[in-house]
């Protein structure tokens, strides 16, 4: 077991070096870059669809989609009128900086204000691997229960935003948003929490405002 420790450390350090290179490029282009993370089925792609619909006339958006297989999510996003590039990891449970570098070849970054990386559905690995993002954003569906902050604290600790999704289902399940909020803030007091329903399109306006307030090109527009 001890031999694995330096191997893992070296992998993370190499990834972080590439992430810094990505970050410098994003900053040079004046991009806001978000790393969107959740377990499978929490609502990442639907949230992206709603966000694009609301903001595409205000800012220019690009999306990198990460999945183990298929182009299904990228096709959904492309139907909203933005460029979506698919990365299939072939089994890896997360995206890394090298994968992002390859995907960036498909974009003209000078024509974007916001780049969203939709990571592979997983509550563990994506939190460990930087890709050069400005912020990690996590979605938690209420159907997953209110114990997830206790079980997967790293993702909550590293995220800037927690979107608690599917709150329209709360009358039908035994989940406490108050408990999610309490434990999440104990882990990360700076975490911003929005309660939303992508299905009913409720609670999304504060999320849209959060993005616009942090988009450099939008801030500079008259």
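Please treat every number below as a calculation from the coordinates, not as lab data. Everything quoted here is computed from the prediction, not taken from an experiment. FYI the Cβ positions are ideal-geometry reconstructions off the backbone, even for glycines, and counts take in every protein chain you see.
Some notes on this structure:
- Cα gyration tensor category, rounded, prolate or oblate, for segment 76-129 with a/c compared to 1.5: prolate
- Between 16, 106, 192, the residue with the greatest mean-square fluctuation in the GNM of the chain (Cα pairs under 10 Å linked by springs) is 106.
- Expected 222 nm ellipticity per residue - DSSP helices of 4 or more, -39500 (n - 2.57), all of the chain, to 500: -11500 deg cm²/dmol
- Taking a ≥ b ≥ c as the square roots of the eigenvalues of the alpha-carbon gyration tensor, segment 33-114 is classed oblate because a/c is 1.5 or more while a/b is no larger than b/c.
- For segment 129-222, the share of DSSP beta bridges that are antiparallel, to the nearest 5, is 10%.
- The modelled label-to-label distance between residue 128 and residue 53, using points 7 Å beyond Cα along the C-beta direction, is 3.7 nm.
- When only alpha carbons are used to place a centre, segment 135-166 and segment 40-77 end up 19 Å from one another.
- For the chain, built as a Gaussian network whose Cα springs stay under 10 Å, the top-fluctuating residue of 178, 75, 65: 178
- Using a Förster distance of 25 Å, the FRET efficiency for residue 24-residue 92 (Cβ separation, nearest 0.05): 0.50
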